[in-house]
Amino acid sequence: MVQSQIQEKRIVFNRLWLAFALVVVLLVLLCYRYFHLQVVQHEGFATKSERNRVELIPIPPRRGLIYDRHGRLLAENRPSHQLVLVPELVQDLPQLLQDLQQLIQLDDNQIQVFYQRLSRARRPHSPVVLRDGLDDSEMAALALERHNLRGVDTQATLVRYYPYGELFAHSVGYVGRINEEEMRVLDRGRYAGMDVIGKVGVERTYEDVLHGTPGFRKVETNVHGRIIRELERKPPIPGQDLILHLDVDVQRAAFDAMKTRERRGAVVAIEVETGGIVAMLSAPSYDPNLFVSGIPASVFNPLRDSIDVPFLDRAARGIYPPGSTVKPFVGLAGLEQGVVNWQTTIRDPGFYRLPNEDRVFYNWTWATRRGGAGDRVDMVQAIAESNNTYFWDLAYNMTLEPMHEMYDKFGFGRNLALDVFRPAAGLNPSRQWKRQHRQLPWFAGDTLNTAVGQGFMLATPLQIASATNILANEGVVVHPRLLKNTHSGELPLIIPEPEVIQLSNSDDWQQMFAAMRQTVHGARGTARPHIQSPEYDIAAKTGTAQAVSRPDGSERMDPKTLEERQRSHALFNAFAPARDPKISIAVVVDNGESGGRAGGPIAKEVLDAFLLGPPEARLGPHLNNQERFRP
Amino acid sequence: MSLNSPAPRRHWLQRAVLAVDWPLTLLLFALCGLGLVVLYSASGGSTLLVERQAIRMAIGFMAMMLIAQMSPRLLFRLAWLPYLLAFVLLLMVPFFGFEAKGAKRWIRLAGIGFQPSEIMKLAMPLLIAWYASRKPMPLSLWHACLALVLILLPTLLILNQPDLGTSLLVISSGLFVVFLAGIAWRWLILAGIAGLSMAPVMWFWVMRDYQKQRVLTMFDPETDPLGAGWNIIQSTTAIGSGGLRGKGFMEGTQSQLSFLPESHTDFIIAVLAEEWGFVGVLVLLSLYLLILTRCFMLSAAAESVFGRLLAGAITMTFFIYIFVNAGMVAGILPVVGVPLPMLSYGGTAIVTLMAGFGLMMAVTKTRRLA
């Protein structure tokens, strides 16, 4: 009994010792595991826990404002209310969206965009925008139903607004939602927390300056993404405010002039001394505000498909044969080459026949000029009445190269503008160009066409205005630009030292001015019947350019419209006052037929607005401009 | 050992007032105090939770002291009774029990809801110790097999509720008795091999999907970082980020910002590890080791075989709680619902544990049984 008791005790004792040893070993193992996690791997886990709790929330900067030359706002940021959803709080999303559609205006497109945003990576419990620009009645409706709408909230944001609407759609441009493609290329850090970017116009060209730098809030969040407290804050740096050369009054004059005549086309007006673009209009236009928070397809598609192509910036990207507007430059080339002088006259039979060729080039004046054929024509008259025969003869004697070179000096076939959004370069043709692109040699007939701005030659209204401005500057190549100044005074723009076109006889400048003055004020001037200008002298040139025979979208046009679209384009370039030029201008009227008749009056109204002030100001001092143009 | 040896000298308090083991009681007191402090932080500064937990601890201490007064002879005689009771109640659970969190574990008796499986945690070692101490030692294979049947029957019932954590504790409390009763090593090894070969069977036919998932996530929590792996990723992050000294009391970002799930119940050791660092963990584990050592001393000092087996099994089960919980939170064991003794918030576990210590004190306090 005692023996077995002792044995039993020994057995249990041994096993207890064994168990104790096991316990100690396992506890040491456990200790080692904690040691490994807490001491060996500490750093990695510390970072991980820090990433868990700390969140950087970007604070978008205020986008720089855009002013016209007199300090009127062209682009501003308006407070707006957005409808946002916190998906984590929403129980039945489709049902909620349906309910919301009863309360506020919400179309399927907006819902689709919302789902796209929802599918992107986001911080939990962060709101997702469903609709922008809630109006007061919608805000009221939402406030009333708030208790039934879990997860629905409104938040205030700044939304870009263009008070002048379609007036500056092409020049100032607009911002729009950052699209997938832009998302790939842009610097995410600089666009943290932002969803718009400059798309066209100044908004695009000066995107880097206007944009600003986002700040951030470093916050501590819990597992649900709810913000517990703010740890650190770095304020955003607002974008720079820009002051443009654009002038609301002048732009409006151009806009109204086009609109009242129901014309399509472009107007570009440049301040002579600075090259500042005072007005740059493309008609018809559209409301840039439509793009800011996403343009619905129902609005976008008709605009995109319109045969009037309102989205095309005719001023900087519309390429037209410049027609007779280039004759002053050809004239200067001829004078410089000594092919002609101011006394040279030719006999104009109403047509021109190249030596050794049967082809006859008919002068347009042949049918209209009372004097008919046989007049002796000098340079002044050839400019004033836009005589083709004179310039054909001149060009034939001069050959292409000096003419091409002079065109190039005046900026044809290249871009002189410093900050215009994607300007077209046009075409200043050469023998080499033709060989390369047409696989044909250069004919004498091509030289003749080029001398009157036809044939292969193409230019934008901006280029014509710019060339005219260089002329008005007596050869100083001033680069056109939109930006006048910034609020900081720093110009984010390199203004090149202007080149100067040297003429061997500098009197030729003033002589040419006088010749161009005859266009408006001379007895035979092509613009004389259409412009009455008692206040100041205008030096001008008119032009007509053949339109393409099958314009874009012609298959959808009725015969009457098609006939109208096949008419020639009317061009008009000028500067004023003729003796002391302050402003240069180019007007192109699509299918306007006659430069003087269609373009002249439009140019006159724009010149008046710049030189004499807006119509209201001319009536009396009691009207306040600033008030008048506030939307 | 002579028969006329003098009665062991005992402290006057022990003789006059209470038959409890004071060193163990004091250690448990310290552990409970530490538990309340950690719980205060883990619950985000909730005095309500701490108060409730303190009340449970008080009940636990009272239960311990009460049970400690029972005579070992009476315990020995009635050792089969709790098992029978708990077994009957366990059989009733599927029919009369009610569900909570997807498992049917609770039963209502006289208006009070409780888990019969919780009773089984103590009833099991009581019964097996009672059974084994009546058989000759070392335990023969035949007797061990009979004991195994007695162990497995209620375990399967609990596993079926399902409650993996409790069945693990119940089965180990029984098996420890068999182990302490001196079952031959060859059978132990054989059983080990059999258990291992049963693993595939368990995996494919017995374990439920969520249980398998827990095992899988232990090996690689990153496969499902937001689902099954979340708990382990967050708990190891909490522990690891605590470093040597910890982030400071109430300063643990993982727990205070709710990244750590179940921070005041099963994962409370991560709170301690995050806020008090490795130093805190060492203090806690040392305290546990002291308690375990004292328990082993008591077990060895028990005069009856029954007492030694019972006390030893309860000690080992107490260790299983600690090891499984701390191992699970540290990511070296699969997630099993086992609370950390005296730290995890929750009623029944504390009372059961304290009652267990009461049993241990009861069977080890006197030599009368011998």
| said: What distance in nm lies between label points placed 7 Å from Cα along the C-beta direction at B:Leu282 and B:Ile55? | reply: 3.9
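With a 10 Å Cβ neighbour count serving as the proxy for reagent exposure, in which order, fewest first, do A:Val340, B:Val170 appear?
Numbers: A:Val340 22, B:Val170 29.
The most exposed by this proxy come first: A:Val340, B:Val170.
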| message | What whole-number distance in Å separates the alpha-carbon centres of the range B:67-129 and the range B:334-361? | response | 15
| Degrees, to the nearest 10: A:108-119 long Cα axis against longest axis of chain A | 50
| said: Only four residue types carry charge here, +1 at the Cβ of Lys and Arg and -1 at the Cβ of Asp and Glu. Report the dipole size of the protein assembly as shown about the Cα centre in Debye, rounded to the nearest 20. | reply: 5580
| query | Can you give the angle from 0 to 90° between the axis of helix B:164-180 and the longest principal axis of chain B, with both taken from C-alpha atoms, to the nearest 10? | reply | 30
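Which FRET efficiency, nearest 0.05, do B:Met202 and A:Asn485 yield, Cβ-Cβ r, R0 51 Å? Please list the in-between numbers first.
Details: r = 81 Å, r/R0 = 1.58.
Computed FRET efficiency for B:Met202 and A:Asn485: 0.05.
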| said: Helix A:136-145 against the longest principal axis of chain A: what's the angle in degrees, Cα atoms only, rounded to the nearest 10? | reply: 20
| said: For the range A:21-48 and the range B:152-204, what is the centre-to-centre distance using only Cα atoms, to the nearest Å? | reply: 28
| query | Mind ordering A:426-432, A:238-244 by average Cβ neighbours within 10 Å, highest first? | reply | A:238-244, A:426-432
| message | Let me confirm one metric for peptide B:280-286, namely the mean number of other chain beta-carbon atoms within 10 Å of its residues' beta-carbons. | response | 3
| query | Given only helices, namely DSSP H runs of n ≥ 4 each adding -39500 (n - 2.57), what is the per-residue ellipticity at 222 nm of chain A, to the nearest 500 deg cm²/dmol? | reply | -11000 deg cm²/dmol
| task | Hey, for a label at A:Leu118 modelled as a point 7 Å past Cα toward Cβ, could you say which residues of the range A:130-164 have their backbone N under 12 Å away? | result | A:130
| message | Could you identify which residue out of B:Leu260, B:Leu74, B:Leu90 has the top mean-square fluctuation in a GNM of chain B using Cα springs shorter than 10 Å? | response | B:Leu74
| note | Rounded to 0.05, the calculated FRET efficiency for the beta carbons of B:Ala191 and A:Ala140 at R₀ = 60 Å is 0.20
| How far is it, in nm, from the label point at A:Lys234 to the one at A:Met183 when both lie 7 Å from their Cα along the line to the Cβ? | 2.4
| request: First measure r as the distance between the Cβ atoms of A:Val223 and A:Gln432, then evaluate 1/(1 + (r/R0)^6) with R0 = 56 Å and state the FRET efficiency to the nearest 0.05. | output: 0.20
| field | Inter-chain shielding of B:231-244 (mean C-beta neighbours from other protein chains, 10 Å cut-off) | value | 6
| query | What net charge do the residues around B:Ala311 carry, taking every other residue with its C-beta under 13 Å from that of B:Ala311, with Lys and Arg at +1 and Asp and Glu at -1? | reply | +2
| said: Per-residue Cβ counts within 10 Å, from other chains only, averaged over B:319-327: what number is that? | reply: 3
| query | Quick one: if you stick a label point 7 Å off each Cα along the C-beta vector at A:Ser506 and A:Asp99, how many nm between them? | reply | 8.0
| query | By how many nm would the segment from A:Asp108 to A:Glu88 lengthen if fully extended, with 0.36 nm per residue of separation less the alpha-carbon distance? | reply | 5.0 nm
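The numbers here are math on the coordinates, done by the rules we state, and not lab data. Owing to the predicted nature of the structure, the values given are computational and were not obtained by experimental measurement. Cβ sites come from the backbone with ideal geometry, for glycine too, and all protein chains shown count toward neighbours.
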